[in-house]
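Here is the structure we will look at, set down as structure tokens.
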Amino acid sequence: MQETALLKLLEKNARMELCDLAAALNESEDNVQTAMQQLTQDQIILGHHTLINWDKTNTDRVMALIEVSVMPEREYGYDRIAKQIYRYPEVDTMYLMSGKSEFIVIIYGKTMQEIAQFVGSKLACIDKVTGTCTLFVLKKYKGEGIVFEMEEEANERLLVTP
């Protein structure tokens, strides 16, 4: 079984029926089911998610990307500091990065003030954190390969007058 092909199909559509997966992979349903169970057990498949356009709901939701600068620890590097940060329930996603900051932390809140409170009272107070820079997402155009708003087919030519 081509595990990579299975993973790519599931990544595009986690709700794809087992029979459709089997047909696309030219495998039996039992083989596909066994492979999926093994991939889950090996923590390669970690969950199944739905992509939601929250802007079209009546839900107050603010997304922030926070650049976090830290001093690494001898013998542990960044791992122990990362663990301190990602353990907060407010933290949705966290990456170790190359560039001017060591981490990018993504959090969601109801208001900008709620996010600012988290940064000021929890994140910035962690030992070894030397600085933060909070970037608020104003509009999401595309996520997980999906365009959030369909482009209007308006005529973008300007009127020319003599």
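Every number here is computed from the coordinates shown, using simple stated rules; none is lab data. This structure is a prediction, so every number in the text was calculated from the model and none was measured. When we count neighbours, we look across all protein chains shown, and the Cβ atoms used for this are built from the backbone with ideal geometry, even at glycine.
A few comments on the model shown:
- The dipole here belongs to the chain: it is taken about the Cα centre, uses +1 on the Cβ of Lys and Arg and -1 on the Cβ of Asp and Glu, and is about 740 debye.
- Loop-resident trypsin sites (Lys or Arg not before Pro) (DSSP state other than H, G, I, E or B) in the stretch 27-74 with no more than 16 further Cβ atoms inside 10 Å of their Cβ: R61, R74.
- Volume in Å³ per residue [convex hull over Cα atoms, computed for the stretch 1-72]: 153 Å³
- Here the 3J(HN,Hα) profile of the stretch 138-145, calculated from phi with Karplus coefficients 6.51, -1.76 and 1.60 at θ = phi - 60°, is 8, 7, 9, 8, 8, x, 6, x Hz, Gly and Pro shown as x.
- For the peptides 77-90, 130-143, residues were scored by their other Cβ atoms within 10 Å and the scores averaged per peptide; the highest-first order is 77-90, 130-143.
- Estimated translational D of the chain in µm²/s (Stokes, Kirkwood radius over Cα pairs; 25 °C; 0.890 mPa s): 125 µm²/s
- Evaluating 6.51 cos²θ - 1.76 cosθ + 1.60 at θ = phi - 60° for every residue in the stretch 26-43, the Karplus couplings come out as 6, 10, 7, 4, 4, 5, 5, 4, 5, 4, 5, 5, 5, 5, 6, 4, 7, 6 Hz, glycine and proline recorded as x.
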